[in-house]
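Okay, structure first, notes after.
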Amino acid sequence: MKMMNCKDATRLMSERYERTLSLRERLALKVHTAMCRGCSNYGLHLDVLRLAARRLREGCEGGER
Ligand SMILES: [Zn+2]
């Protein structure tokens, strides 16, 4: 299997919040993050950021959108 590069990996990581990744994409991402420390860290940070952003939004009242 061809290993995806870091650029694709990080792109998929942010896309996975907006759409459902295909099995193949998820697999490739998993393989990449297992082998690439940078991207695995990036993924963790993204989760934390995502959570923090959601908390902030929920903290402000009013459900605009
Ligand atoms: Zn990487």
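So, in segment 1-42, how many residues would count as being in contact with a Cys (Cβ under 6 Å, 6 or more places away or on another chain) and outside any helix (DSSP H, G or I)? Final tally of qualifying residues: 0.
Of all residues being of a type in the set (Val, Ile, Thr) and surrounded by 10 or more Cβ atoms within 10 Å (Cβ to Cβ) in segment 7-45, which is farthest from the ligand (Cβ to nearest atom)? Just the residue, please. My answer is Val31.
Throughout, read-outs are computed from the coordinates displayed, never taken from laboratory work. Just so we're clear, the structure is a prediction, and the values are computed from it rather than from any experiment. Glycine also receives a Cβ, built like all others from the backbone with ideal geometry; neighbour counts cover every protein chain displayed.
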